[in-house]
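Accompanying notes for the structure given below.
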């Protein structure tokens, strides 16, 4: 891994200066440090030009208000297929060149070299390929976490055994009448499958609707469906006879399968063949290369989705349609985005164990379709449809929070992650690797000598108090010296300038005022007590005239101490008990967006790596995101 990391440093072609002690792996990873890869898209306009452009924009909005509304709507959508890449064309070419160099060397150069030289040459080429792919993965994870993940919740487990005494009901006179056996059986099933199902049970049946979230879901749908759009273009080429020979071959195959009644057998065998042959990503790269080639010659394919979005951006019918069907569409689009991301990650072997289990399921379904009689196979098929219609759909409709647990498609691809779940897993793995890597003493000494310049820049600014849970005298849950600080962020907490410091197992706040000579930890909590981590933006209308220019904020919500074991998922409400002395919220503000996102990712990574916290993504609460104090 060190060789790959050095190769990635060569690809980045730059460096950055740390203003705080960091372990290797934190400072050169885009998920934890935005400066790891310089942003090539910077606004180089002068102040005069910016003013002129603003005046022109206001003039255009006055003359053409409807066109302005359409442009504002489409600005929220990233129509680029890979928006996490600053220059998608050059980045893809770099990937293609690395793989082409490796493939070409295998065929021409390497066979003619001595064994030792061939091994060295092949190792260098493979390291280059791995470095390019890891860099793309870092940027994709960082972009997805920054743009889409606004709120996460720690899954509290384990559940205790549901005793029948809790499910008995009595009449007004206290006489026993019966047992709520349906509820008891449901909680018993949750108790038995809690290790693999709790992270998919949402805290409430009510889904908060927000138009900005709906727009982001549409954007995720555009990104997640890229591979399926390319696949559908290939299918379209078959039935439109764009390639007569290709269409003829598929038509002959169709006639043979129709004669032998092996349609479903071929379907499962095709899925198995497709995913197995894409073990090294050759199909995905091939489709990406074809798309890149078409984009360089014609922009019809690249603008297809953007033209559709612009066409439906008019407020003439979007407003009433979204008001009526927006909540349902938002939920369906969210589930569809999750499913497409699961399928894409499954096809790319993001979780080999899950892919192997799914392939085994394909083999079983192939045998069920091929060996027994056709009548028996059809009977099994209709039995599955009946179970889905009469069992799964009623539960998912009446109790939406359990919809993922009873979804048969989730069963087929169980534990194949969405992009958010893959991001949580990636942050945990990177954090574990960084914590296990030795720290250079010289880098730590230099960082301590130079201090944190961000603290001095904001020292004289006036801030306001914000909501944070006051700590009692017994609020320190761990000893002060609980571990080395592995990550620190400048922020304001309850009107005080300081640093949010993260150790292996705790989060703590340390003031950094010039008048305070002695280091003092105001509060400290173990990461295992985290219930939620949220991103927020302060309302600028409620701020004093003299305040920080940074409006980004981060909230850490703690779980009550007595709630470490839950009797059922119903005992963990969606509403956070901010007035509970053992729970509550720590609110940090006055942070830049990049630093806020880095702190969010660091909390997720450290809590999952060191405190074994399992995360689930939740939609943000619209009324909560813009904090007013």
Query raised in the report: Among the residues of the range 313-328, is there at least one that is at pLDDT 75 or above, surrounded by 12 or more Cβ atoms within 10 Å (Cβ to Cβ) and closer than 21 Å to residue 362 by Cα?
Result: no
Report task. Output yes when any residue across the range 198-218 is buried (at least 16 other Cβ atoms within 10 Å of the Cβ), in contact (Cβ under 8 Å) with a residue 40 or more places away in the chain and farther than 22 Å from residue 336 by Cβ, and no when none is. Result -> yes
Requested in this report: List every residue pair whose Cβ atoms lie under 6 Å apart, where the two residues are 6 or more positions apart in sequence or sit on different chains, the first residue falls within the range 241-255 and is within 18 Å of residue 267 (Cα to Cα), and the second residue, located anywhere, is outside any helix (DSSP H, G or I).
Outcome: 247/241
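If you check residue 222 against the conditions, is it modelled with pLDDT under 75 and outside any helix (DSSP H, G or I)?
Here the answer is no, as residue 222 does not meet what is asked.
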Query raised in the report: For the range 122-177, how many residues meet the condition of being crowded, with 16+ Cβ neighbours inside 10 Å, in contact with a strand residue (DSSP E or B) (Cβ under 8 Å, 6 or more places away or on another chain) and assigned to a helix (DSSP H, G or I)?
Result: 1
Query raised in the report: For the range 351-444, which helices (runs of 4 or more DSSP H) that fit wholly inside it have 3 or more residues that are out of contact with any strand residue (DSSP E or B) (no Cβ under 8 Å at 6 or more places or on another chain), crowded, with 17+ Cβ neighbours inside 10 Å and touching a residue at least 60 places away in the same chain (Cβ under 8 Å)?
Result: 352-370, 419-435
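The values are calculated or read from the model by the stated rules, or taken from the named source; none is laboratory data. Nothing here was measured: the structure is a model prediction, and the numbers come from that model. Here the Cβ is made from the backbone with ideal geometry for all residues, glycine too, and neighbour counts use every protein chain on show.
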